[in-house]
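The values are calculated or read from the model by the stated rules, or taken from the named source; none is laboratory data. All figures in this text were calculated on a predicted structure; none of them were measured in a lab. All Cβ positions, even for glycine, are placed from backbone atoms using ideal geometry, and neighbour counts span all protein chains on display. Accessible surface is based on the protein model in full, side chains and every heavy atom, while ligands, DNA and RNA are left aside. Shrake-Rupley method; radii C 1.70, N 1.55, O 1.52, S 1.80 Å.
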Amino acid sequence: MGARLQLDVTRMMADVVGPHGATPEEIEQHWPRVQSVLQTLEARRKAGELPFYDLPDSEDVVAAIESYAAKAREKFRNIMVLGIGGSALGPIALRDALKPAFWNERPDDMRDAPRLFIPDNPDPEFFGAAMEICDPKETLYVVITKSGGTAETLSQFMTVMTALKGAVGDKYAEHLVFVTDPAKGALRQIAREEGIQSFSIPPAVGGRFSVMTPVGLLPAALVGIDIRELLRGAAEQREKVFAREFDANPSAAFALLQFLAQTKRKQCVQVMMPYTNSLFRVADWFRQLWAESLGKRQSVTGETINVGPTPVAALGATDQHSQVQLYVEGPYDKTFTLLLPKNFRNKVKIGKHYPDIDSIDYLAGKEMGTLLKYEAEATQRALTAAHRPNMAFLFDEVAPDTVGGFLYILEAATLVAGGLYEVNPLDQPGVEAGKVATYALMGRSGYESVKAEIDKERERPARLIG
Ligand code: PA5
């Protein structure tokens, strides 16, 4: 693994954290299974079934995005992404990791690119508030939906259309860009019929694996993130995700350790805890990837198995004052993955005041980043002393290449974990069920029988308290 991004598994092991950790024998025993999963994945990649592995090579797509984004950056003050799930979490993660914090709150002369709003949820209060502060005349709306039919996204799109037509009349198409399936779905049809600029999501790349398609790359490029560096970082990790040795393959090592933790030691809560705000939404992106890919009722052979870890996102040092009490003294049902930058992009020096008060003076003149790094070390020590298995991804700094590499490692790990759990990590039947019920409730034609079933359930008297 390149020196700019490494996985430290020292504190996952039983010799350091005691019986709640993994043993070398256990790893040795299960590693052949990982090797066989990797062999299958490699064969499927060669057969063209898993195109996500090769997204870092999308030179044509990158060039098209860069040329479109360069013009759009000049033209618009705001970018608003309309999308949900895999069509929103990747762009949010990239914005928060790779643009300065409070990007949208910065005055115009402190930004070199447009503001980027990604409301995600069709909450009328939240979405309505975003609409209020983005003048449609100054806004480019990036509508992202792989299926082209997700109710949350289309409801936002049609709300925007009303505002846009009111503000710019028949020039509305200039304020829209779609990211969707190359051939199918309502959005593709509209793009074709109305000549709206669009980019495609490769059909065999699922929503939560799409951050390195135009889903993530277009919003990122629109705010000036170096998407070439992002993909270069991912490509660098590709050399390693098929490595057959435990110590050479961070993604397979991560997948196996998490799998063993859950299946051998009932550590089903898997906390990802960055010690920097910039990676918090990356942990949130991972929460979807891990949960939606691995939480499955059926195995690949059709047996009912109801498996899956429960990913949790936490933030250091904030959650030291909220969750760490539980993490250190609560049940032994968790693993911890800390995300630790060695260098921060901002240096903040703590002021020197009150030299006579020892309980304050020890902080004076030190870097705030040093405090945060020592807090992370303190948490590692506390978890380890309390026999809680914890590992850490070490980032030289949070930058496009390390973030691209990290996302790629986690996507590859998810496929390995899918093989270990014997589930299909690429489908989401549980999500589809919710989508169908929503269509029925909102009166979409073709869903009348589901609506009738729901109406029947609604007859059940509610048990209300208070
Ligand atoms: O990972 C997935 O497939 C899902 O989370 C989807 O991204 C989400 O449901 C949104 O779907 P779509 O992009 O089709 O609107």
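Can you run phi through the Karplus equation (6.51, -1.76, 1.60; θ = phi - 60°) for region 354-365 and list ³J(HN,Hα) in whole Hz, with x for Gly and Pro?
In residue order, the calculated couplings are 6, x, 8, 9, 4, 6, 10, 5, 5, 8, 4, x Hz.
May I ask for the Kirkwood hydrodynamic radius of region 20-164, worked out over all distinct Cα pairs and given in angstroms to one decimal?
On the way: mean 1/r = 0.0539 Å⁻¹.
About 18.5 Å for region 20-164.
Full-extension gain between Ala386 and Leu441, please, as 0.36 nm times their residue separation minus the C-alpha to C-alpha distance. If you can, show how the numbers build up before the last one.
Numbers: separation 55, 0.36 × 55 = 19.80 nm, distance 4.90 nm.
Extra length from Ala386 to Leu441 when fully extended: 14.9 nm.
Please give every one of the lysines within straight-line cross-link reach of Lys46, meaning a C-alpha to C-alpha distance under 20 Å, and leave out same-chain neighbours fewer than 8 residues apart.
Lys240
Put Met442, Met368 in order of accessible area, largest first, 1.4 Å probe: what do you get?
Details: Met442 160, Met368 100 Å².
The ordering from most to least exposed comes out as Met442, Met368.
Would you mind calculating the gained length between Asp60 and Asp247 on full extension (0.36 nm times residue separation, minus the Cα-Cα distance), in nm to one decimal? Write out the running numbers ahead of the final one.
Working: separation 187, 0.36 × 187 = 67.32 nm, distance 3.45 nm.
Extra length from Asp60 to Asp247 when fully extended: 63.9 nm.
Which peptide among 247-254, 428-435 comes first, and what is the full order, when sorted by highest mean count of other Cβ atoms within 10 Å?
Working: 247-254: 22.6, 428-435: 13.4.
Averaged packing, sorted descending, gives the order 247-254, 428-435.
Using modelled backbone amide H atoms (1.01 Å from N, in-plane), which distant-in-sequence or interchain residues come within less than 5 Å of Asp120's amide H?
It is Gly83, by chain and number.
So if each residue of separation counts as 0.36 nm, and I subtract the Cα-Cα distance between Glu174 and Thr310, what length gain in nm does that give?
Values: separation 136, 0.36 × 136 = 48.96 nm, distance 4.23 nm.
Stretched fully, the Glu174-Thr310 segment lengthens by 44.7 nm.
Give me, ordered by chain and number, the residues 5 or more places off Val179 or on other chains with an amide H under 5 Å from its own placed amide H.
Under 5 Å from the amide H of Val179 lie the amide H atoms of Val143, Ile144, Thr145, Phe199, each far enough along the sequence or on another chain.
Among bridges DSSP assigns within the chain, what percent are antiparallel (round to 5)? If you can, show how the numbers build up before the last one.
On the way: 7 of 41 bridges.
DSSP beta bridges in the chain are roughly 15 percent antiparallel.
I want to make sure I understand the PRE zone here: with the label point 7 angstrom from the Cα of Lys342 toward its beta carbon, which residues in region 371-401 have backbone N atoms less than 19 Å away?
371-378, 380, 391-401
Residue by residue, what Karplus-based ³J(HN,Hα) values in Hz, rounded to whole numbers, does region 404-415 have, using 6.51, -1.76 and 1.60 with θ = phi - 60° and x for Gly and Pro?
The phi angles translate into x, x, 5, 4, 5, 4, 6, 5, 5, 4, 5, 5 Hz.
Express the relative contact order of the chain as a whole percentage, based on alpha carbon pairs under 8 Å and six or more residues apart in sequence. Kindly include the intermediate steps, with their values, before the conclusion.
Details: 775 pairs, mean separation 101.4, N = 466.
About 22 percent, as a whole number.
Please enumerate, by chain and number, the aspartates and glutamates with C-alpha under 14 Å from the C-alpha of Lys264, excluding those fewer than 8 residues away in the same chain.
Cα-Cα hits under 14 Å: Glu25, Glu26, Asp333.
List the aspartates and glutamates whose Cα lies under 19 Å from the Cα of Lys352, skipping any in the same chain that are fewer than 8 positions away.
Hits, sequence-local ones excluded: Asp361, Glu367.
Restricting to Cα atoms and excluding each atom paired with itself, what does the Kirkwood estimate give for the chain in Å?
Working: mean 1/r = 0.0419 Å⁻¹.
Taking every pair of different Cα atoms in the chain, averaging 1/r and inverting gives 23.9 Å.
Give the ranking of Tyr68, Tyr354, Tyr275 by solvent-accessible surface, highest area first, calculated with a 1.4 Å probe. List each step's numbers first, then the result.
Values: Tyr68 40, Tyr354 140, Tyr275 5 Å².
Order by accessible area, largest first: Tyr354, Tyr68, Tyr275.
Per residue of region 198-208, what does 6.51 cos²θ - 1.76 cosθ + 1.60 with θ = phi - 60° give for ³J(HN,Hα)? Whole Hz please, x for Gly and Pro, Karplus curve as stated.
Residue by residue, region 198-208 yields 8, 10, 10, 9, x, x, 8, 9, x, x, 6 Hz.
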